[in-house]
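Input: a single structure, listed below in structure tokens.
The values are calculated or read from the model by the stated rules, or taken from the named source; none is laboratory data. Here the structure is a predicted model, which means the values were calculated and not measured. Heads up: the accessible areas ignore ligands, DNA and RNA and are worked out on the full protein's heavy atoms, side chains in. Shrake-Rupley method; radii C 1.70, N 1.55, O 1.52, S 1.80 Å.
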Amino acid sequence: MSQSPEGPAPDAALGSPLERLRIRHLRLLSLIDTQGSLTAAAQALHISQPAATAMLRELEQALGATLITRSATGSHLTPAGRIAWQRLQHALGALRHAADAIAAAPDLPTVHLGMVPAAGVAVVPRLVGALTQAGRLPRLVLHEANVPRLINGLLRGDIDCLIGRLDPSDASPEFLRELVSENLWTEQLAVAAAIDHPLAKAGALDTAALLAADWIVAPAGTRIRQLFDQRFHQAGVMPPTPRIESFSLHTNLCVVADSALLTIAPFTAVTHYAARGRVVPLALTEPFTPGEMVFVRRRGVALPAVDDIAAALRQTQG
């Protein structure tokens, strides 16, 4: 069959059902999951329900699986639908980032780097310095959050890589298998007090002394709070109720510097403030459990700028 000078017809150029999918197909599953019904997803896409049903049928045909189930309470993703949703979320995130990067700095690669607060004290500054010296500093967009939120960002494609801790409870086993992690350093935890705090010269503190103190610590659900509570549970006692809860380790250390409260923070952050005469680390009879800090990215997603970041982290942490 001869081909016209203008090239093949659009439908002929799209050989498989997968190649005929459009961005709206990708958004459909996400909307069904968040809206709870195919009708609501259709309304969010500003299309009719029959059109949404047809799109879902095309998506299921392309992927070769049933993606949703319907019940009296609405529409729900099947296990196959959940896997497809995870993959498509990342694809949508990549499309958003591509548009944003070209609009913001078309001559530079853009990397969305997730980080726990502890990484911002010394690791990220050293990373930026190493990349600048090598002439390979990309346009960096930093996302500071706790690990579960960073993992969700990696899942959705909102971030490209992260510096933090990785616990099996932070994501599903299916998603964890899609991640590549690299150990960076072991993060020790320290207790900090104001330089004139009565405990600053009291010698090594035992569990009873820690229980009697007033605290400002991270809220429940954060990894550092889990390690804080774990220290007391292991001693057979209930953890003290914090006087103040705050996610920001910098806020916590600044409050401690001007109060009688104690806080627990990564050793690098405590020594950073101690070197400036703001706080002092306290000696303990039993240390808190340390955590392993890692660099995480998605398996099979090749971004040269992310490779540069990984290499620079190895250099600065080596």
How are the alpha carbon pair distances in the stretch 177-318 distributed across 10 Å bins from zero to the largest one, expressed in percent? 11, 37, 29, 16, 7, 0
Whenever you get a sec, compute what percent of the accessible area on the stretch 237-318 sits on carbon and sulfur atoms (1.4 Å probe). 57 percent
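Leaving out ligands and nucleic acids, note down the accessible area per residue over the stretch 148-217 with a 1.4 angstrom probe, in whole Å². Before the final figure, lay out each step's value.
Working: 3060 Å² over 70 residues.
Accessible area per residue: 44 Å².
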